[in-house]
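Reviewing the structure listed below.
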Amino acid sequence: MYEADRDNVPRDAGDCHEGARTAGAAHRQPPTKGPAVTTKTDFSEEEWSRIVRAPFVAGLAISLADPSGPIEAAKESMATVKSATNPSSREQLVTEVALDIQAEVQQKRNPLKGYRPSLEGTAPSGEQVLVELSAVQAIVAGQATPEETAAFGQWLVASAQAAANAAKEGGFMGFGAAQISKGEKEMLDQVRAAVSQA
C-alpha cells in the first residue's frame, strides 16, 4: 500500500461510524422549544396585582349586582375563592395566577387589596367593576397567546358564576328564593361581554 492510500483507509469500523456521526451532527437542527407560554415575568408588578385580583373582582361584580345579607355575601366570597384557586384550565398563565392566589389566601391577605370600585363623581360601582375586568383582560391579551387569553376570560366568568350560584336570592327564609337573581344573570352577561371584548 502506498503512503497516500494509508491516510485514506479507515483504521477500524469505529472510525468509519464516528466520521458519519460528526458529519451528521453538523447538519442537524438544534432541538426546538415547546410553544411559548406567558408567565408572571411578562407583566409589570402593578399589572400582575390586577391580574391576580381579577377573579375576585368578577365575584364582586355579582355581589354588587344583587346585594344581600352577610351570610349570602360570605357564601359568594367563599365560592369565588374556591373557583379562583381551582381553575378548570391548565393553561400556564391561569395556573400561575391561581398559585399566587392560593399563597395570598394561605397568608390571610385580602385578594382585593388596593381595589376600590366606587369613587365619587364616577360611574356606579358595578360599571367600574366591568371596566376593571375589561382592562385586565386587555392586559392579558397584550402579552398572552389567544388560547391563554381565552382561558383567562373563561376563568373570570367561572368565578363570577360560582359567586352567583353560591347563595339563593330573594324569598322569605329560603322559600321562593331563586338560585340566581335577575340582577345576577344580567351581571353575568355583562362580565362575559367585558372579558370577550378585549
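Any read-out appearing in this document is the output of simple, stated calculations on the displayed coordinates, not a laboratory observation. Since the model is a prediction, treat every value here as computed from it, not as a measurement. Positions of Cβ are generated from backbone atoms using ideal geometry, with glycine treated the same way; all protein chains shown enter the neighbour counts.
Lys40: which lysines have alpha carbons under 22 Å from its alpha carbon, excluding same-chain residues fewer than 8 sequence positions away? Those lysines meeting the cut-off are Lys82, Lys108, Lys113. Fully extending the segment from Ala103 to Ala36, taken as 0.36 nm per residue of separation minus the present Cα-Cα distance, adds 21.6 nm.
Per-peptide packing, taken as the mean over residues of other Cβ atoms within 10 Å, places 183-194, 62-73 in the sequence 183-194, 62-73 from highest down. Inter-label distance, Glu186 to Val131: 1.9 nm, where each label sits 7 Å from its Cα along the C-beta direction.
Peptides 103-115, 48-60 ordered by packing proxy, namely the average of other Cβ atoms within 10 Å per residue, highest first: 48-60, 103-115.
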